[in-house]
Structure formats: C-alpha cells, structure tokens
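Okay, so here's the structure we're looking at.
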C-alpha cells in the first residue's frame, strides 16, 4: 500500500492535494502518509504472527518525533544507533525496555545513558566492545543485556554501501568465532547478560533468497547458544526492500503498482511465508528491525522547478531542492521516480537531468531520464523519499533544512517547521 494517487487531476497524499501543501508550506517539503506507515507496520506484524516476535523500527530511517509517536502507538519497539536516537524515542513516548542499541562505535556516555534508561539489549559488534560494555556496567554496578551481532558472510547482492553481512564489512563478529566468544564472555564478563543473538545482512533486499540463506545458516548456531547460554531472542535484522523503480501507467494512478511476474519485488507476505516456518520451532522471540519498508514509500519530497536550461548536450530542469535535502542519488545513485503534481494529459516525455542548486556536479536527482515535461514554477514529487531522506539532510551550502508534514486522511499538520537563517547559525560564535 501507499497513500499517493492522482485524484481529479492532482497528486494527493491520502485525501490531501499536494499542490495545496506546497503552496501553504513552501518547497522543498517532505510529506508523509500516516496511513501508509501504520499499514506497513500492521502487515509486517501480521506476516510474523506465526512466531513470538517484536518489530523494532530502525529509527535511523526517519526519526521525526511524530513518526516515532505514530509507531509507538502501534506497539513498535525501536532499533537505535545513537544516544540521540534513544532520546528521540523517549520523547516520542517509546519504551526503553523495547529498544535495542546497535552500531559499531558506541561511546561511554551513550552506554551509560542506555544502561540507566533500561534498554532491552545492546547489539554488540566486537569482542572489544563487549568487554568495554562489561567494564562500564561494572563501574555502575549494573548488568548489561547484550546480543552479539554475527556476520554470516552472506552476500545480499545490494549496493556496496548498504551491504553489512559479508566478512569484509565492518559489522559484526565472524560466524566461526561466535561460539568461543559466548563461552569466554559467560566466564570472564560478570556484568554482561547474554540475552540473544543478532544479525543483519544488508538493506534494500528485493529477493527472499539471502534471507533464507542467512536464517538457515545461523539457525544451528542459535539452537546451540540457546542450549548453552539460555538466550531468549534472535534478531534477524531488517533489510526488506521497497519499490523505487515504478511501472508508470499514463493517465492513471497505477504508476505505483507492483508488476506481476518474475520481476515483481519481494512482498511482505512471501517474506513471512518463507521465514516463519523456519523460525517457529526455535522457542525464541524473533526481533525484526525494519526501517525503509515501514516509511520509504510513505514519503515524498516536493520541489519546485526554478529554471529550464537547454544546452548543446543536455536539457536541465533546475529545482529548488538539492543534494543537501535528499542525498541518496548523489551518495549511491539511489533512484527516485519524479512525477508532476498535475496529472499529465499527454504521453509525451522529454529527456532531461533534474538538478539542484548545490555547487557540486553530483547534485542531481536523475540524469538522462525521460520524464513528463514540467515547466518553471511547477512542482514535482520525488517519490519513495520517506526513508533516508530528511534523516540524512544537511545544511551544506548553508541551506536551511526543509519542513515536514504528516497527512492522516484529510488532515495535514506540520511536524517540523522549516529552518530559518537564525536557527541555521544557532550555537555558533
């Protein structure tokens, strides 16, 4: 499901015309569909209903307080990777007892903060980190719940920047070293409680095969750790991909529809059908850490065309959003469909680059792509921008951060005001 479609010739988010939001709040502007976020959470929850489980939303995908509050109301746990993300979860009403703390470089201050708040588990990335966690917990007179992240050396066949499950990645402990590490930790680290095991093989996976391979490879290890150390959960990570390349259908709202056949993306129903039978007899709670699947297709970035520049080699559509607002295309050639807010009446398309105002040649949203023609003054939507969009935005070129709006049905409300110049330099002297 997604909440975006053309109605009466205008692109809507649920029941709200996106042109009215661009006019009211300006551009660049992030807009999120609350109905899509809750629908995706509920579908994933239902797909895993055959096993004891908890969905820990990966806060790094989109950390706006209203998004977190929406998910907390659905009963979500949270996967955090910094002290700041824990702070956000608490401010949004999340329960620290349902938070797992991942990341390869936790600081002393972050460890103390998380211990004092009573998080569910630290997902530990190395023996060195586990020993340091034991030291800090001992100084506080506490026991730190922990799960070591195993690296199963499974190739997820995703972009190299978001691959995390191979032996050359910086994440996790080698598969072959896990048993010995748990044995040493149980004997030598009195302030550690080995509560579970964690893995995560990468992001934006669109095939079920890597998930199956990883689960089947790690299952015997999980059984052994349960027998010897009494672990109570297995976190199988996140990584479920979404549709970025859409099947466009002229003159219809179906341009977002998933295609049928062998090229159809992984559905959450198939994910559950394949994995639940492989997990249900373990007698453990299964943790899942999705981010992109929950919010990716729930958001768009609205931007207005400023100029059209026609050169000898190319035609450029220059828009008011830049790589500081949405860095995915520049960072790892991430694809976003670009569609006009007014439904095209013609099937004619033009070959263009859509670029922003940043003083970098990498500041583009697409290159040499055929799009429905749009003119200066008109707005377009960059689709599938709900994950790793605003969360990775910056003030590069001293550009204020964009505003964010959450839509629920016919109601739209501002959930982050546009940054102004005064707040841009706040804290400087």
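What the Cβ-Cβ distance of residue 174 and residue 212 gives, at R0 = 22 Å and to the nearest 0.05, is a FRET efficiency of 0.55.
A protection proxy built from the mean count of other Cβ atoms within 10 Å ranks the segments 284-296, 11-23, 219-231, most packed first, as 284-296, 11-23, 219-231.
Using the Cβ-Cβ distance between residue 350 and residue 19 with R0 set to 30 Å, the FRET efficiency from 1/(1 + (r/R0)^6) comes to roughly 0.90. For the pair residue 186 and residue 414, the difference between a 0.36 nm per residue extended length and the Cα-Cα distance amounts to 77.1 nm. With the cut-off at under 14 Å, measuring from each backbone N in segment 386-420 to a point 7 Å along the Cα-to-Cβ line of residue 428 picks out 395-401, 420. Calculate for the chain the 222 nm mean residue ellipticity that helices alone would give, adding -39,500 (n - 2.57) per DSSP H run of length 4 or more and normalising by residue count, nearest 500 deg cm²/dmol. Counting only the DSSP helices, I get -8500 deg cm²/dmol.
Projecting label points 7 angstrom from Cα along Cα→Cβ for residue 65 and residue 396 puts them 2.8 nm apart.
In this simple spin-label approximation, residue 369 and residue 331 carry label points 7 Å from Cα along the Cα→Cβ vector, and these lie 1.7 nm apart. State whether segment 307-429 is rounded, prolate or oblate according to the following rule on the C-alpha gyration tensor (a ≥ b ≥ c being the square roots of its eigenvalues): a/c under 1.5 gives rounded; otherwise a/b larger than b/c gives prolate, and the remaining case gives oblate. Oblate, since a/c reaches 1.5 and b/c is not below a/b.
Let's test the formula: R0 of 30 Å, r as the Cβ-Cβ distance of residue 143 and residue 281. What FRET efficiency results, to the nearest 0.05? Don't jump to the answer; show the numbers that get you there.
Numbers: r = 30 Å, r/R0 = 0.99.
In this case the efficiency is close to 0.50.
Here segment 9-84 and segment 390-429 have alpha carbon centers that stand 17 Å from each other.
Read the figures in this text as sums done on the coordinates, not as results from a lab. The structure displayed is predicted, hence computed values, not measured ones. In this analysis, Cβ positions are derived from the backbone assuming ideal geometry, glycine residues included, and neighbour counts consider all displayed protein chains.
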